[in-house]
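The values are calculated or read from the model by the stated rules, or taken from the named source; none is laboratory data. Values in this document were obtained by computation on a predicted structure and should not be read as measured data. We place every Cβ from the backbone using ideal geometry, glycine too, and count neighbours over all the protein chains shown.
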Amino acid sequence: MDYIKLKRCPSVIAVVVFLTFAFVVITQEKKPPIIEITPEGVKSAHRGIKWLIDIQNRDGSWGCEKGGAPSTAVTSLACLALMSDGSTPERGIYAENIGKGLNYILNMTGGRSGDIATIDATGLGLVFDHACATLFLSEVYGMNPQWHDIEGVRDKLKKAVDRISRTQNADGGWGGGQSDIALTAITWLALRSAYNGGFNVTASLEKVEKFVVSCADPDGGYNQYPNMRGGGSRMFYPTSAGLRVMYGLGKKDSEEVKKGSQLLLTKTLGSDYGGQVSEWDYAAAFYATQALMHEGGVFWKEWYPKVREYLIKTQNQDGSWTIKYCKTCRAYATAMAILVLNTPNRLLPMLQL
């Protein structure tokens, strides 16, 4: 290939360089980049991780506090939090902790039903517990190709995925009876992760979308249930859940998604309960941060620094985070907070879904 030589025209080179530099400066001034990862955010996440490691049970599980009763949801989310910082069961600083947690979850997975549940430590229900455990197994499976030949792991995960597919409601959602948009979001995410790892998913994703759309509020945002108006509508956690699914389905240009994203910017943890942070607030932050990361534009630039600074500010001295409304499961809150803070690392496969 022939290249143009400019050795004889130094003035031309200078002009070109100057104009290029000027264009870059002007462009940067018009669109300042978002600073996603800050030293304070990294330090906060690592303090949270240290607290989680300190309270892990001997059998590899996590409860809400040190020595607390094991929970599949808390164990799975704690392991995902460690993975969001760069470790896996095979490698990294926290490999041993994740490996122990993984063995605990695998030991809890069995039987024909494929159910993975212990106690409802989070207050979000056994549907949530099973979905979190399935999501964790799917993420590990997807990140480790060598696991694809391990029959025991594949078989247990397949049963867990099949159980979710079997329990999809006629309207396309999931819940402990009536379909709930927040439970549907975590269940959908688990199925998408499993599908991405090569598993057959028989649940209808088309029905999931129809269910979420049926929960849309005409004034913006999403409701917990279809056709729900008035009290309890347009809250932080159902709107976050609805947006996580819709962005994941590639619907970021729809008007209802844009309205919901705009509404989300007016919300934060505690918005729904007079400033008291509930267990659902941490799930909402988890959903919202992933959803708006997919948007990657003005909504993301405004949302992420706000939620990051909120979490840094509200972290306890010991590195944990606290729930002040309903269930008070610190390990759950801490795992979710770490997952939110580490979202810009983009290390977990589910962040691509």
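If you check K301, K313, which single one turns out to be within 18 Å of the chain's Cα centre (by Cα), assigned to a helix (DSSP H, G or I) and of a type in the set (D, E, K, R)? Give the steps one after another, and end with the answer.
On the way: K313 fails: within 18 Å of the chain's Cα centre (by Cα).
Step by step, each of K301, K313 is checked, and only K301 is within 18 Å of the chain's Cα centre (by Cα), assigned to a helix (DSSP H, G or I) and of a type in the set (D, E, K, R).
Is the stretch 138-150 home to any residue that is within 23 Å of A95 (Cβ to Cβ), assigned to a helix (DSSP H, G or I) and small (G, A, S)?
yes
Taking only the stretch 118-143 into account, find how many residues are among the aliphatic types (A, V, I, L, M) and farther than 19 Å from G173 by Cβ.
Summing the residues that are among the aliphatic types (A, V, I, L, M) and farther than 19 Å from G173 by Cβ in the stretch 118-143 gives 6.
So which of N169, N97 is surrounded by fewer than 24 Cβ atoms within 10 Å (Cβ to Cβ), polar (S, T, N, Q) and farther than 19 Å from A331 by Cα? Working first, answer last.
Details: N97 fails: farther than 19 Å from A331 by Cα.
Within the list N169, N97, the selection yields N169.
Would a scan of the stretch 115-129 turn up a residue that is in contact (Cβ under 8 Å) with a residue 60 or more places away in the chain, within 22 Å of T328 (Cβ to Cβ) and in contact with a Lys or Arg (Cβ under 7 Å, 6 or more places away or on another chain)?
yes
Here is a list of conditions, (1) out of contact with any helix residue (DSSP H, G or I) (no Cβ under 7 Å at 6 or more places or on another chain); (2) farther than 21 Å from K324 by Cα; (3) hydroxyl-bearing (S, T, Y), and S261 meets all of them except one; can you say which number that is?
Only one criterion is unmet by S261, namely (1).
What do you reckon, is L292 farther than 21 Å from T239 by Cα, touching a Leu at 6+ places or on another chain (Cβ under 8 Å) and either surrounded by 19 or more Cβ atoms within 10 Å (Cβ to Cβ) or of a type in the set (S, T, N, Q) (or both)? Before you say what the answer is, go through the steps one by one.
On the way: farther than 21 Å from T239 by Cα: no; touching a Leu at 6+ places or on another chain (Cβ under 8 Å): yes; either surrounded by 19 or more Cβ atoms within 10 Å (Cβ to Cβ) or of a type in the set (S, T, N, Q) (or both): yes.
Judged against the criteria, L292 is not a match.
Which residue out of A203, A190, A170, A185 is under 28 Å from L347 (Cα atoms), modelled with pLDDT of 95 or more, of a type in the set (G, A, S) and assigned to a loop (DSSP other than H, G, I, E, B)? Give the steps one after another, and end with the answer.
Values: A190 fails: assigned to a loop (DSSP other than H, G, I, E, B); A170 fails: under 28 Å from L347 (Cα atoms); A185 fails: assigned to a loop (DSSP other than H, G, I, E, B).
From the options A203, A190, A170, A185, the qualifying one is A203.
Picking from V161, V153, which residue would you name as being part of a helix (DSSP H, G or I), at pLDDT below 95 and aliphatic (A, V, I, L, M)?
V153
Give me the residue from the stretch 109-136 that is in a helix (DSSP H, G or I) and out of contact with any Asp or Glu (no Cβ under 9 Å at 6 or more places or on another chain) and, out of that set, surrounded by the fewest Cβ atoms within 10 Å (Cβ to Cβ).
Here the residue is L135.
Say whether the condition of being out of contact with any Cys (no Cβ under 9 Å at 6 or more places or on another chain), under 24 Å from S84 (Cβ atoms) and not hydrophobic (A, V, I, L, M, F, W, C) is met by at least one residue in the stretch 161-178.
So far as the stretch 161-178 goes, no, none of its residues is out of contact with any Cys (no Cβ under 9 Å at 6 or more places or on another chain), under 24 Å from S84 (Cβ atoms) and not hydrophobic (A, V, I, L, M, F, W, C).
Give the residues of the stretch 316-334 that are farther than 21 Å from G123 by Cα and either surrounded by 21 or more Cβ atoms within 10 Å (Cβ to Cβ) or touching a Ser or Thr at 6+ places or on another chain (Cβ under 9 Å) (or both), sorted by residue number.
Passing the criteria: N316, G319.
Restricting the stretch 317-351 to residues that are among the polar types (S, T, N, Q) and touching a residue at least 60 places away in the same chain (Cβ under 8 Å), which is farthest from G67 (Cα to Cα)?
N345
Only one of D272, D281, D318, D253 is out of contact with any Lys or Arg (no Cβ under 9 Å at 6 or more places or on another chain), more than 17 Å from W188 (Cβ to Cβ), assigned to a loop (DSSP other than H, G, I, E, B) and acidic (D, E); which?
Values: D272 fails: assigned to a loop (DSSP other than H, G, I, E, B); D281 fails: assigned to a loop (DSSP other than H, G, I, E, B); D318 fails: out of contact with any Lys or Arg (no Cβ under 9 Å at 6 or more places or on another chain).
Being out of contact with any Lys or Arg (no Cβ under 9 Å at 6 or more places or on another chain), more than 17 Å from W188 (Cβ to Cβ), assigned to a loop (DSSP other than H, G, I, E, B) and acidic (D, E) holds for just one of D272, D281, D318, D253, which is D253.
Taking the stated definitions as given, is R234 at pLDDT below 90 and over 19 Å from L292 (Cα atoms)?
The answer is no for R234.
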